[in-house]
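Just below is one structure, and these are the notes that go with it.
The values are calculated or read from the model by the stated rules, or taken from the named source; none is laboratory data. Here the structure is a predicted model, which means the values were calculated and not measured. Neighbour counts run over all protein chains shown; Cβ positions are idealised from the backbone, glycine included. Protein only, heavy atoms only, side chains kept; ligands, DNA and RNA dropped before computing areas. Shrake-Rupley method; radii C 1.70, N 1.55, O 1.52, S 1.80 Å.
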Amino acid sequence: MIFHALLLSVSLARSPLPDDSKEASPPASSGPDRRAPPAVRPVEPISLPPITTHTLRPGVVVHHVRVEGLRRARVRILFGQGALALTGRDSAAFTAMAWIQDQATRGRSAQALADYKDRYDLDLWTDGTLRHHSVHLACPLEDLDRGLRLMREVLVEPRFPRSDVRTLRRSMTRALLIDGPRRAGSVIDAALRYGWYAPEHPLGGRPDIRGWYKVRRRHLRGLHRQLLETAPLEVLVVADADLDALLPDLTALTEGLGHASEPTPPLPEGGPASSKVIGIDFGSTTTASVALRRPAPSYADPELPAFAALDHALGGPFLSRLNRELREEWGLTYGIDASLTTRELEGHWTIRTEVHVDRLGQTLDLIEAEVERASEEGLREEELRAYQTKIVHAWNRNLSTSSTAARAYGRWTSRGEGVDQARSRVEAVRELTLGAPQEAGRLWLDADRPALLVVVGDQERIDPQLQERGLEVHWIPAGLMLLGGP
Amino acid sequence: MIALLALAIAAPSDLFEVDATVEHLPNGMKVIVEQRTRTDEVALRMHLAVGSADEDDGERGLAHLLEHLMFEGSENVPGNAFDAWLSEAGGENNASTAEDATVFYAAFPSGALDLALFLESDRWATAGSSLSASSLRNQIGVVLRERSQSYSSPHGRDFDALSRLLYPQGHPYHVPVIGTRQDVRGATLDGAQAFFSRWYRPAHATLALVGNVEPTQALQKVRWWFSDVPDQEPMERSWPEPPPRHAQRQDGFLMAEVDDSTLHLAWVGPAASDPDVLAVRLAATVLGDGRGSRIGELPFRRRFIRSARVQAWNGERDGLFLISGSVTRGARLGRLERLLRRELLGLVRSPPTQAELDRARMRLRRRLLDPLERPQSRARVLVECLRLYGDPDCSRTQWRELQALGPEDVVRAVQRVIDEPGARLFVVPRWEVDRLPGSAALVELP
């Protein structure tokens, strides 16, 4: 409860692993020789179990991965259609359908379902996005048959309780109208989204506030029926069980479902045509939040591995230039991070932090200087090596638990990749030379590319600092920002 | 079909099985090693049985500040190289400070075991003398920002305010882990070094290594790397015995940038080593842990209730039994309180049914089993088990104890907790302050 997760200090420039590091071999009697750090055995990527793909019938594909020794089995049903196909946009009705489907079934009230899931240690949940709808199961391997039966029940016989619709409506409208505008994090999220994507882009669709007031059970039932009747589906099973043993149950699970229709295509490219600065006045608070977003390579872009190495060196959670500069050198922030989002056709890169409001200008200068330096100079050898090792180690940890395994295989199958293709991405990172991040930096971190800067805090104290830097701010009230801005 | 599947899947072996080796080093440090070869990863956990409860007046927040400083370099690891070297080897690390403990942890590929032990042992052997004024100054700024950042979120002060309210002056948990602004700002190098010398002693430490290590070799390496960390007598912790208690219920409030109002009903719960600890956790789960629990269902039945839950936390000296709920704008917290108390007393008057107990047990079983999957969380469990039960293999014991608990045990344990006066914390928007009971005073977090 009262534990505080703490960001820790970092430095790269002053302390690369020395070349004179040595192999440690404990002699029987002497103490440790601390003059140089011990040598490290290089990490090599391990082989992961392959994905076996089996078409049950047109419109229903099963991906199976056998991972030995997993305590829990994981099953995911992924429908190839989501909010866009069913409602044309990111709508309240679709979100409600996706979020409430797992709460009760025709045969079980919400309380009875919760009780049943707890009693047999079954996790079962649903999720929806613009392009997909999914149902997930995690359960003890020995109870997989029970879990699959319950999954079928939730899949085809959801109840959509009226009280849940009402509770979700209340909580969503409150989040948009009352709580969200008071939370710097929510306001920044909204500003990044609506400032980056135009209203006509699927990701820029304004919140469906009217839709939330109108949403009724019958809408959810209708959408659910439509989903079952029109969407293709893929089943992913990650478990310590043979596919042959599972096929009869998977056939029963998907009976009458899945249609040989086209899945929703990838989202189009997004991003603003020119740079802009959005400010949100939070009154007389001493904390200012800041976010800077820039375009980044898409998932398919060959520049991605090199850019991801830059991202790691600049804004990885602990080991990053930005943390070193802002936190360690200047004590301006508790932490600063960068995150890279990549989709099939577009990507963006976002830096976020919180500082004292009077140090906002200095913070922006330091961030800009670090980004510019990275774009001109690329990475140092030890920074690239650290990223390469991290990627291999991350690959090797994919089978750590049922949930890490399901996450990895889920990501790959969603993108139509097999293990070999996923592995080739690791190899692409291993093959990077110092020139590649430098090239990616020049290309993607160029100051002429459109960027979006969002600042949240005391307008009176922020404005002069931004004006001093020649930045023209478009101030938007927090409440309006949550609804998509003007 | 289903029968076929059942036949194809073997019953699991002992899910709680732990096969760890425990050793006491000559310098007093305890070491736990367990081999887990599912992946190449190794988790290292260094548990120092020292936290904010061990601070004296004038040094509130120092345990946490020192945790930050432990990454600022030691004699053979230049400033910040700890993180850089470990990261270059594919590892990651972090730390946390709580009331009773400061914990440093790392996870890395097995080929970096020597490096990780070198880094960890070097700061134990030399960090106290390597602390610098510039690092201290810088980390004071970072910690104060951490505090501001945390306190600026709408409910970011709730738990610290509750600790202040529930545990009286002189209680080891009275002052929040983050400390007071004045003491953090006024921390000195001498003070930090003195705290290090006083508490960073191997006799207070437990080191766990879990993952792709061969136990005999790993223990040999640990012995070697920590052989020059000097043996020092353990320090006596100057905690009052028994911990002080308020004689009357304490009421307080926080004014927050919120629209809805929140009520926390808190009682001092059993300490982690108390025999009632599992019964109280069971009670909290029956009462208010998720959908289907008595209090967890309230928001779906009463429109004016936004959220409601029950939590139990157990520190080494005392615990916390907490019922929290929030209401929509304009609704009265008094109405919520009556409902929450009715459910609480309902548990005493009509003990949990067998079905309720079974469900709650399974939820807790899951919380015992899940952490055993990953090396990092498994290392945490092994350390906690060794400290509390003297045996790293305690999850199974806890599960057996949970199975043996009946409704009467739950009722007795809850009754014992709520017999104490407890505390009420109201977290309200400014326009609700006038509607609070007159007994509620503003809780200051200096």
Distance between Cα centroids, segment A:318-391 to segment A:435-484: provide it in whole Å.
15 Å
Return the calculated 222 nm mean residue ellipticity for chain B, to the nearest 500 deg cm²/dmol, obtained by summing -39500 (n - 2.57) across DSSP H runs with n ≥ 4 and dividing by the residue count.
-12500 deg cm²/dmol
Label model pair B:Arg237, B:Ala133: point-to-point distance (7 angstrom along the Cα→beta-carbon line) in nm is 3.5 nm
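Please state, as a whole number in µm²/s, the translational diffusion coefficient that the Stokes-Einstein equation yields for segment A:276-482 at 25 °C and 0.890 mPa s, with Rh defined as the Kirkwood radius across alpha carbon pairs.
This corresponds to a translational diffusion coefficient of 134 µm²/s.
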For segment A:276-482, share of DSSP beta bridges that run antiparallel, in % to the nearest 5:
70 percent
Scattering curve values for chain A, log₁₀ I(q)/I(0), Debye with Cα scatterers, q = 0.05, 0.12 Å⁻¹
-0.23, -1.26
What is the gain in length, in nm to one decimal, between B:Ser439 and B:Arg302 on full extension, counting 0.36 nm per residue of separation less the C-alpha to C-alpha distance?
46.6 nm
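Based on the Kirkwood radius over alpha-carbon pairs, what value in µm²/s does the Stokes-Einstein equation return for the translational diffusion coefficient of segment A:123-162 at 10 °C and 1.306 mPa s?
The diffusion coefficient I find is 142 µm²/s.
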Amide H partners (placed H, <5 Å) of A:Thr287, local residues excluded
A:Val357
With the crude spin-label approximation of a point 7 Å out along Cα→Cβ, what separation in nm comes out for B:Glu17 versus A:Asp244?
2.7 nm
Keeping all protein chains in position, work out how much accessible area A:Trp475 exposes to a 1.4 Å probe, and write it in Å² to the nearest 10.
50 Å²
Quick one: work out the % antiparallel among DSSP beta bridges in the protein assembly as shown, nearest 5.
75 percent
Express the C-alpha Rg of the protein assembly as shown as a ratio against the empirical globular expectation 2.2 N^0.38 Å, rounded to two decimals.
0.94
I need the calculated FRET efficiency for the pair B:Val348 and B:Ser150, taking r as the beta carbon distance and R₀ as 30 Å, to the nearest 0.05.
0.25
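Round to the nearest 0.05 the FRET efficiency obtained for A:Ala252 and A:Glu427 when R0 = 45 Å and r is the Cβ-Cβ distance.
0.65
Considering every residue in A:39-47, what mean count of other chain Cβ atoms within 10 Å of its Cβ is obtained?
Partner-chain Cβ atoms within 10 Å, mean over residues of A:39-47: 5.
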Pull up the DSSP beta bridges for segment B:250-442 and report the antiparallel fraction as a percent, rounded to 5.
75 percent
Inter-chain Cβ neighbour average for residues B:257-263, partner chain, 10 Å
3
Net charge around A:Cys139, counting only other residues with Cβ within less than 15 Å of its Cβ (Lys, Arg = +1; Asp, Glu = -1)?
0
With r defined as the distance between the Cβ atoms of A:Glu417 and A:Tyr120 and R0 fixed at 30 Å, what FRET efficiency is calculated, to the nearest 0.05?
0.35
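By the gyration tensor of its Cα atoms, with a ≥ b ≥ c the square roots of the eigenvalues, what is the shape of chain B: rounded for a/c under 1.5, prolate for a/b over b/c, or oblate?
Oblate, since a/c reaches 1.5 and b/c is not below a/b.
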Express in whole angstrom the spacing between the alpha-carbon centres of segment A:175-215 and segment B:180-241.
48 Å
Return P(r) of segment B:21-225 (all Cα-Cα pairs; 10 Å bins starting at 0; whole %; ordered from short to long distances).
9, 33, 33, 20, 5, 0
Can you give the percent of C-alpha pairs in segment A:52-253 whose distance is more than 28 Å?
34 percent
Summing +1 for each Lys or Arg and -1 for each Asp or Glu, what net charge is found among the other residues whose Cβ lies under 14 Å from the Cβ of B:Ala413?
-4
Please report the net charge: other residues with Cβ closer than 12 Å to the Cβ of A:Gly59, K and R +1, D and E -1.
-2
Over segment B:250-442: Rg over Rh, Cα atoms, Kirkwood Rh
1.01
Can you list residues whose amide H is under 5 Å from B:Ala256's amide H, if they're 5+ apart or on another chain and H is modeled 1.01 Å from N?
B:Val428, B:Arg430
Output row, site A:Tyr213, 7 Å Cα→C-beta label point, backbone N cut-off 13 Å, window segment A:161-177, residues A:173-174, A:177
Mind jotting down the distance between the C-alpha centroids of segment B:21-52 and segment B:347-371, whole Å?
31 Å
Excluding ligands and nucleic acids, what accessible area in Å² is computed for A:Lys390 using a 1.4 Å probe, to the nearest 10?
80 Å²
Give the long-range amide H neighbours of A:Leu130: residues separated by 5 or more places, or on another chain, with amide H under 5 Å away, using H modelled in the peptide plane at 1.01 Å from N.
A:Ala83
Over segment A:169-263, what per residue volume does the convex hull of the Cα atoms give, in whole Å³?
189 Å³
